[in-house]
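Heads up: the structure comes next, in structure tokens.
The numbers here are math on the coordinates, done by the rules we state, and not lab data. What you see is a predicted model; the values in this text were computed from it and never measured. Glycine gets a Cβ as well: all are built from the backbone with ideal geometry, and neighbour counts include every protein chain shown.
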Amino acid sequence: MHELKLRNVHLQQVQNQIRHKTDGLSSSTLVLRRGQPFTILINYDGRPFDPLKDKLFFRIVLGPLSVEVPVSVSGQPSPSQWSAILEGSVPGRTLTVSLSSPASSSVGVYTLHLRVETHGSIKSHVLGEFTLLCNPWCQADSVFLQSEDLRNEYIRNDIGLLFKGSPGNVVSRPWSFDQYEKGILDICMKLLQLSPQSQADTRKDLLNRNNPVYIGRVISAMVNCQDDKGVLMGNWSGKYSDGVNPSTWSSSADILWKWSETQFSPVRYGQCWVFAAVMCTVMRALGIPTRVVTNFNSAHDTNANMVIEEYFSEKGEKLSIGQDSIWNFHVWVESWMKRPDLDGDYDGWQVLDPTPQETSAGMYRCGPAAVKAVHEQKVNAPYDVPFVYAEVNADVRRIIIRDGKILATSVDKDSVGALICTKRPGPAMLMQDITSEYKTEMVLQGIGVSLQLVKAPVVGENLYFNVIITNNMAIPKLLRKYVNAQNKEYNRNPTGTFWEAHDDLTIGPNETVTVEHEISFNKYMLNEAMEDCLVNLAVVIEDVKSQERVLASEEVNISSPALNIQIQNESSVIINTQQVATVTFTNPFNVAVSGDLIVMGSGLLEEKVHMRLTIQPRETMRRTIHFIPRMTGAKMLHASLVLTAQSTILRGFKTVTVQAA
């Protein structure tokens, strides 16, 4: 009788990946989730397998770590250690073995070995590699998420919205997370391998990679390039000639591919929403439920006193004094995980911020800070809870000065963290307000002066706003009114005044007066307009008799006009079948505009479509795009028009559900 001899081993990539919900993830290896069995087929020649004489052992290797797993002929998989069970022996010399990993296994790229011991011989074989990810479908995994809808949104969904602008005029922009694009998962694993922690002590790093808290801190540092071979270099200077303007990006794959192709040189350039969107891609690819969150009026408290000082002139011009700042918006991610390191119940959403603002334990990273700890003001909790608490809750002390002397001060407890939001789960591309998860609601007090937009402003139109003044006293008052407008970038104090108005008025006892103002488009439009055109409005009301002053200030973002995308027969878009989309745009400007139209869609278009356009004033542009979907499910077609002379980026998107044939 012939000896038993291994012919080949089939890792059953397609079947295992469907069962592990990793189908669609592109990797050079089999992709699995921890805490869940997978099956392999062992084909052999010679005599039939005899479990009494023939012994099989798997060796599972992760860098310098390895574990030996004997194949047992019966029993149940162990939740706490690797196990291998012989499922059956099929006629034709095939064995089916079920292998199980513990739900606390380390995330990484493993090598699988098999040793066959028969009477008188021992043979070892290398079977191949597999990538092991976290498993939010497994109850024993520390990233377990109860709802299937939320798992689909925060792990499997590869499209989303990022929110920018100001609390009164929120602008949504599409983003393609691209975790299914070619090679992206392998690049995400490379982030872990190239981290300073892995380089310093590979064994310790691999052991720690069982913990999403640790993984989150590593990825938060590796998405920026401050301390390591990280992915993105930040740039807030407005000068991007040696790289890419952060506003131009709309896809994580473009950034991650570029990082990989340049041998892990930092990609130039990112700002907060780019850092956050790339981190969301990496965390979703690693199996950790993650969403992108925007905090409007986000405080950057440099001296950790929980107070932001803002200085104004007596005419309402904001002055660049002090290191503290309030960003119109700041974008981070939240990841879902258990926090066994925190006493009490702080499991759930955790803030992770890869934008390099301040160091945490010597590296530019932030989090994971439990959202619940921020809400409960538990500012001694790790990691970086005080910094996040200040971002959403700091008091703003506004000081009016003249010649170095303080004329008036006021404290605003409500404007910081005015709105915190994310994309609502599900196919509708809508915003979800999550402010109450971070903050205790506060009652707003009546104020003497306020600013009010007449309508949401759009680039190309004039800006209309009202100043509303209330006299809460029983006597008439003579008032002096100063109104001021300054151009602004979202992450810093405004630049010089470009428009102002001042006059005197008399207001009767307990009277409210509304004064209308208009700023023409030509006045507020910068020569170098950004994607986000922001204006800082401020009004100072002075009581002429007492010389008391009161101030109101408002950040206004002016939305870019949108591109429109229509898809023919959008209710019956079928995989592998040609579809037609039309992109339209009417030029609202009084001058002709030229630029590049770029259309992209992960799972819809193999390559981006580029077109050079010139559109006359008030002319409507129409362009037809043909595409063939290659994946089912919710997908997004995204168009951007990069205007050359105006340095403005116009966008539009359309989501579509691709059906099976």
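Descriptive notes on the structure:
- Between helix 184-193 and the chain: long-axis angle, C-alpha atoms, 0 to 90°, nearest 10: 90 degrees
- In this simple spin-label approximation, VAL307 and ARG47 carry label points 7 Å from Cα along the Cα→Cβ vector, and these lie 8.8 nm apart.
- At an R0 of 35 angstrom, the distance between the Cβ atoms of TYR464 and ASP149 translates into a FRET efficiency of 0.25.
- Paired Rg and Dmax values of segment 1-159, which use every Cα atom, in angstrom: 16.8, 59
- As a length-normalised measure over Cα pairs under 8 Å and 6 or more apart, the relative contact order of segment 438-592 settles at 24 percent.
- ASP227 versus THR262: modelled label distance in nm, points set 7 Å from Cα along the beta carbon direction: 2.2 nm
- Overall Cα dimensions of segment 327-413, principal axis frame, Å, largest first: 54, 25, 22
- Tensor-based shape of segment 256-302 (alpha-carbon gyration tensor, a/c under 1.5 rounded, otherwise prolate or oblate): oblate
- Within segment 260-366, GluC sites (Glu not before Pro) in DSSP loop having at most 16 other beta-carbon neighbours inside 10 Å: GLU358
- With respect to the chain, whose longest principal axis is taken over its alpha-carbon atoms, helix 272-285 is tilted by about 20°.
- Counting only alpha carbon atoms, the long axis of helix 212-222 and the longest principal axis of the chain meet at about 60°.
- Identified option (computed Cα Rg over 2.2 N^0.38 Å; candidates [x] 1.02; [y] 1.21; [z] 1.13): [z]
- Computed on segment 125-239, the Cα convex hull volume stands at 188 Å³ per residue.
- Greater than 29 Å apart at Cα, pairs in LYS164/LYS405; LYS164/LYS258; LYS413/LYS481; LYS258/LYS654; LYS164/LYS455: LYS164/LYS405
- Using alpha carbons only, the radius of gyration of segment 71-200 set against its Kirkwood radius gives Rg/Rh = 1.11.
- Label-to-label distance, nm, for residues given as SER520 and ALA661 (7 Å Cα→Cβ offset): 6.1 nm
- Candidate lysines - alpha carbon under 23 Å from LYS123, same-chain residues fewer than 8 apart omitted: LYS5, LYS53, LYS55
- Fully extended contour minus Cα-Cα distance, from ARG630 to LEU478, at 0.36 nm per residue: 47.8 nm
- Gain upon complete extension [LYS239, SER104; 0.36 nm per residue less C-alpha separation]: 44.0 nm
- Sparsely packed trypsin sites (Lys or Arg not before Pro) within segment 418-522, loop by DSSP, other Cβ within 10 Å at most 11: LYS455
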